[in-house]
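The block underneath contains the structure these notes are about, expressed in structure tokens.
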Amino acid sequence: TRSLIIDCDPGVDDAVGLLLAFAAPGLELLAITTVGGNVPVEATARNARIMRQIAGREDVPVYAGAERPLVREPAGAGEFHGLEGTGDLTVFEPGAPMAQGHAVDAMIAIVMSRPAGEVALSVMGPMTNVALAMRKEPRLAAHLGCVVAMGGARSEGGNITASAEFNIWADPDAAAEVFASGCEMIVMGLDATHQVRATEDRIAAIEAIGTPAAEATASMLRFSHRIEREIVRGEDPPLHDPCTVAWLLKPELFTTRPCRIEVETASDLTRGHTAVEFRIDPATARHHWATKADGQGVFDLITAKLKAAAPQ
Ligand code: BDR
Ligand code: CA
């Protein structure tokens, strides 16, 4: 088993990532921390609690974190996630309460209470909580196991501007600090996540499982399918955030290359651009950029985990 904290801003694809993690016995899920991003932080915290209730995993604590980016104005992405952040899925007030305390303090306390290198962190939203935690506890970056982050764009170009992907663009200052912190990072940018598409067949296979978690997953993927095909580019929607959990469960689904990543913070035009430098000594690399993803393999993994978690 792998010990894990998920930092996220659900968000439909974050929510699918959570439902995958809840269904994976190979992961010891220590906490979910949420951040303002796709929708405001109160909504991301509630949505994480809704997913945990749907999955019957109220044992996992949910902590709310940063309301706004380090420096910039908050920007949402409700058009891709629905105003509540869960697509067409009806939101409700979850039964189990929030965990007390701030996400940043919880992240520090949990990681530092375990041996160095033990706790992995999956980052599915803007990196504000992670940057704040690293500022508050300077030993955190070295104490963390790997950080598997969804963010950035290289050959695919951006999805919020020509140069930038949403998570990095939303809080470029936080991302710049985290990439410069020295922690080991596996980075799922758009180059990889655009290879993982929620086709109608793949959604139908998940829906056929018939459990509440599988039906919620299918509903959110269908919402993305509609938005992406009708409003965006007429393609099947990419599945971004669950790639971080999929990598932790089955890294062979991805190809990564050692590199050094830096984030543009000075320019307005290229704000949040990820400069991915491969011309480094691989032995010293702290960052690994995903270049290839097995889209069918990721969906087979999600389907298998949701199926195996179903009551027999
Ligand atoms: C990222 O932006 C968010 O809208 C998604 O949840 C994902 O984390 C993709 O650019
Ligand atoms: Ca997200």
Which members of region 132-173 meet the condition of being within 16 Å of ligand 2 (Cβ to nearest atom), assigned to a helix (DSSP H, G or I) and of a type in the set (A, V, I, L, M)?
-> 168, 170
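What is the residue count in region 112-131 for residues that are in contact (Cβ under 8 Å) with a residue 24 or more places away in the chain and not in a helix (DSSP H, G or I)?
So in region 112-131, the residues in contact (Cβ under 8 Å) with a residue 24 or more places away in the chain come out as 112, 114, 116-131.
Narrowing the set further to residues that are not in a helix (DSSP H, G or I) leaves 114, 116-127.
Looking only at that region, the number is 13.
May I ask you to say which residue of 42, 73 is farther than 25 Å from residue 112 by Cα, over 17 Å from the mean Cα position of the chain (by Cα) and free of Cβ contacts under 8 Å to residues at least 12 places away in the same chain? Give the derivation first.
Values: 42 fails: free of Cβ contacts under 8 Å to residues at least 12 places away in the same chain.
One residue alone meets the criteria, 73.
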Failed item in (1) under 15 Å from residue 84 (Cβ atoms); (2) within 16 Å of ligand 1 (Cβ to nearest atom), with residue 17 passing the rest | (1)
Take the residues in region 237-273 that are within 16 Å of ligand 2 (Cβ to nearest atom) and not in a helix (DSSP H, G or I), then tell me which one is surrounded by the fewest Cβ atoms within 10 Å (Cβ to Cβ).
-> 238
Yes/no for residue 86 being in a loop (DSSP other than H, G, I, E, B), within 14 Å of ligand 2 (Cβ to nearest atom), touching a residue at least 24 places away in the same chain (Cβ under 8 Å) and buried (at least 21 other Cβ atoms within 10 Å of the Cβ) | yes
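Could you check, for region 48-58, whether at least one of its residues is farther than 17 Å from residue 95 by Cβ and within 16 Å of ligand 1 (Cβ to nearest atom)?
If we filter region 48-58 for residues that are farther than 17 Å from residue 95 by Cβ, which is where we start, we get none.
No; the residues of region 48-58 include none that is farther than 17 Å from residue 95 by Cβ and within 16 Å of ligand 1 (Cβ to nearest atom).
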Can you tell me which residue in region 1-33 is surrounded by the most Cβ atoms within 10 Å (Cβ to Cβ), limited to those that are within 10 Å of ligand 2 (Cβ to nearest atom) and assigned to a strand (DSSP E or B)?
-> 8
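Looking only at region 26-36, decide whether some residue is more than 22 Å from residue 146 (Cβ to Cβ), under 14 Å from the mean Cα position of the chain (by Cα) and within 13 Å of ligand 1 (Cβ to nearest atom).
Quick first cut of region 26-36, residues more than 22 Å from residue 146 (Cβ to Cβ) only: 36.
Retained after the next criterion (residues that are under 14 Å from the mean Cα position of the chain (by Cα)): 36.
Subset that is within 13 Å of ligand 1 (Cβ to nearest atom): 36.
For region 26-36, residues more than 22 Å from residue 146 (Cβ to Cβ), under 14 Å from the mean Cα position of the chain (by Cα) and within 13 Å of ligand 1 (Cβ to nearest atom): present.
The numbers here are math on the coordinates, done by the rules we state, and not lab data. None of the values given here were measured: they were computed from a predicted structure. Positions of Cβ are generated from backbone atoms using ideal geometry, with glycine treated the same way; all protein chains shown enter the neighbour counts.
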